[in-house]
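Chemist: Quick one: this structure, given as structure tokens, is what I'll be asking you about.
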Amino acid sequence: MHTVLEALGKIGIVPVIKIDDEARAVPLAKALIAGGIPCAEITFRTAQAEEAIRRIRAAVPDILVGAGTVLSIAQVDKAIDAGAQFIVSPGFNPQVVSHCIERGIPITPGCITPSDLERAVDMGLEAVKFFPAEPAGGLDYIKAVAAPFPMLTFMPTGGIHGGNIARYLAYEKILACGGSWMATADLINHGDFSAITALCRDAVQHALDFSIVHWGINTEKPEDADRAADRFSALFGFSPQAGANSIFAGALLEVMKAKGPGTHGHIALATSSLPRAISYLERQGVRFNQDSIRRDPQGRVTFIYLQEEIAGFALHLVQKK
């Protein structure tokens with residue numbers, strides 16, 4: 001897959017931006033990064049889009065910038081000349097797609113029908129936009145039409161919000177989700193960049209959907225684990241379930257039969273999208289224990305420990321099922 005598309009996939013959220021004043025472009029880009037979303041799709045719905053892309057690329061090199069609502073070859077050239085790194089179009093225009101391929105820039109054209117998807121495959125595309133996502137049938141429709149096209153991934157846009165984005169991103173064929181709710185035109189025009197940063201952080205948390213799966217408590221030997229599990233059972237009615245290395249007291253407490261990771265134990269956290277969670281946390285400076293990685297038969301990461309402890313507890317992430 002193209003490196004730009006890979007980067008979009010790791011971010012998972014593509015803010016769709018309408019710029020009315022190019023002077024707002026750079027502070028907007030900085031607000032997006034501060035909120036944990038180093039990406040922007042600047043739509044060519046306004047005459048300021050080209051200059052906005054140019055300013056962001058010059059002043060904020062750490063953000064991935066694309067051009068959206070691209071309807072013509074002329075707009076493709078303007079976007080590329082301004083520094084756009086990817087192109088998004090609402091529909092499938094073969095001339096626009098061909099020109100992007102010739103110029104070596106990834107494009108995600110709008111596709112809804114199987115015929116659209118066949119044309120995308122025929123032209124060698126790796127990802128398509130699905131627009132308007134919710135009115136057109138949402139994730140259930142994408143799953144239905146994706147089956148015959150295993151070589152394609154999807155970027156749904158239209159009706160995506162904090163309440164449904166995790167469900168979309170949990171599906172392996174979703175490259176990223178586009179939306180404008182975290183950076184609306186009103187917020188941009190009023191210069192309320194702190195609100196945009198807050199909404200971006202909220203969007204990331206909704207997208208990754210972190211939740212605690214269980215706490216692991218270290219003991220020195222199996223007899224200590226037995227006593228602890230029995231006590232939890234006697235006091236709170238948590239049924240003990242013995243395993244090879246630990247005893248679960250109920251669903252959330254795991255008592256280790258020997259000292260495991262962490263000074264006191266570990267905390268397991270699940271996420272709807274483990275690869276994106278890893279990428280997000282790495283952007284925040286978090287380091288991972290690469291030796292702890294577990295993978296499924298398809299080679300996808302399903303488990304990984306952070307290097308750091310919090311309050312004496314090691315932390316590991318798992319993929320939600």
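The values are calculated or read from the model by the stated rules, or taken from the named source; none is laboratory data. Small disclaimer: the values here were computed from a predicted structure and weren't measured. Virtual Cβ from ideal backbone geometry, glycine too; neighbours counted across all protein chains shown.
Chemist: Which of (1) touching a residue at least 12 places away in the same chain (Cβ under 8 Å); (2) assigned to a strand (DSSP E or B); (3) touching a Ser or Thr at 6+ places or on another chain (Cβ under 9 Å); (4) farther than 26 Å from I37 by Cβ is the odd one out, the single condition H316 does not satisfy?
Modeler: Just one mismatch for H316, condition (4).
Chemist: Something else about it: With D140, D186, D116 as the choices, which residue is within 28 Å of P27 (Cβ to Cβ), of a type in the set (D, E) and outside any loop (DSSP other than H, G, I, E, B)?
Modeler: On inspection, the qualifying residue turns out to be D186.
Chemist: Within segment 235-255, identify whether any single residue is touching a Lys or Arg at 6+ places or on another chain (Cβ under 7 Å), among the charged types (D, E, K, R) and either touching a residue at least 24 places away in the same chain (Cβ under 8 Å) or not assigned by TED's automatic domain parsing to the domain that holds P132 (or both), and answer yes or no.
Modeler: Checked segment 235-255: no residue is touching a Lys or Arg at 6+ places or on another chain (Cβ under 7 Å), among the charged types (D, E, K, R) and either touching a residue at least 24 places away in the same chain (Cβ under 8 Å) or not assigned by TED's automatic domain parsing to the domain that holds P132 (or both).
Chemist: Looking only at residues in segment 260-293 that are surrounded by fewer than 19 Cβ atoms within 10 Å (Cβ to Cβ) and among the polar types (S, T, N, Q), which one is nearest to the chain's Cα centre (by Cα)?
Modeler: S279
Chemist: For the condition within 25 Å of the chain's Cα centre (by Cα) and β-branched (V, I, T), what is the one hit in I105, I101?
Modeler: I105
Residues checked against (1) touching a residue at least 40 places away in the same chain (Cβ under 8 Å); (2) farther than 20 Å from E6 by Cβ:
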{"position": "A34", "(1), (2)": "yes, yes"}
{"position": "T46", "(1), (2)": "no, yes"}
{"position": "E51", "(1), (2)": "no, yes"}
{"position": "I56", "(1), (2)": "no, yes"}
{"position": "G68", "(1), (2)": "yes, no"}
{"position": "Q85", "(1), (2)": "yes, no"}
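Chemist: Between residues in segment 187-198 that are assigned by TED's automatic domain parsing to the domain that holds I17 and residues that are modelled with pLDDT of 95 or more and not in a helix (DSSP H, G or I), which pairs lie under 6 Å by C-beta distance while being six or more apart or on different chains?
Modeler: From segment 187-198, the pairs are N189/D20; I196/A183; T197/G35.
Chemist: Another one. Could you tell me which residue of segment 216-255 is farthest from A311 (Cα to Cα), considering only residues that are hydroxyl-bearing (S, T, Y) and buried (at least 19 other Cβ atoms within 10 Å of the Cβ)?
Modeler: Among those that are hydroxyl-bearing (S, T, Y) and buried (at least 19 other Cβ atoms within 10 Å of the Cβ), it is S246.
Chemist: Right, something else. Out of segment 148-158, which residues are surrounded by fewer than 18 Cβ atoms within 10 Å (Cβ to Cβ) and assigned to a strand (DSSP E or B)? Outline the logic, then answer.
Modeler: Initially, segment 148-158 is screened for residues surrounded by fewer than 18 Cβ atoms within 10 Å (Cβ to Cβ), giving 148-151.
Selection gives nothing.
Chemist: I'd like to check something: does segment 159-171 contain any residue that is in a helix (DSSP H, G or I), crowded, with 21+ Cβ neighbours inside 10 Å, within 26 Å of the chain's Cα centre (by Cα) and without any contact (Cβ under 8 Å) to a residue 40 or more places away in the chain?
Modeler: Yes, segment 159-171 has at least one match.
Chemist: Let me ask something else about it. So which residues in segment 271-310 are farther than 16 Å from F210 by Cβ, in contact (Cβ under 8 Å) with a residue 12 or more places away in the chain and not in a strand (DSSP E or B), if there are any at all?
Modeler: Within segment 271-310, R287, R300 meet the criteria.
Chemist: Still on this structure: Only one residue in S194, S233 is over 24 Å from I87 (Cα atoms) and in contact with a Ser or Thr (Cβ under 7 Å, 6 or more places away or on another chain). Which one?
Modeler: From the options S194, S233, the qualifying one is S233.
Chemist: Output yes when any residue across segment 89-103 is part of a loop (DSSP other than H, G, I, E, B), buried (at least 18 other Cβ atoms within 10 Å of the Cβ), among the β-branched types (V, I, T) and modelled with pLDDT of 95 or more, and no when none is.
Modeler: No, because not a single residue in segment 89-103 is part of a loop (DSSP other than H, G, I, E, B), buried (at least 18 other Cβ atoms within 10 Å of the Cβ), among the β-branched types (V, I, T) and modelled with pLDDT of 95 or more.
Chemist: Right, another one. Can you give me the number of residues within segment 1-41 that are among the small types (G, A, S) and more than 14 Å from the chain's Cα centre (by Cα)?
Modeler: Residues in segment 1-41 being among the small types (G, A, S) and more than 14 Å from the chain's Cα centre (by Cα): 5 in total.
Chemist: Can you find a residue that is of a type in the set (F, W, Y) and more than 30 Å from L28 (Cα to Cα) anywhere in segment 238-257?
Modeler: Looking for residues that are of a type in the set (F, W, Y) and more than 30 Å from L28 (Cα to Cα), one finds at least one in segment 238-257, hence yes.
Chemist: Also, I was wondering about something else. Among the residues of segment 44-67, are any surrounded by fewer than 24 Cβ atoms within 10 Å (Cβ to Cβ) and under 17 Å from V97 (Cα atoms)?
Modeler: no
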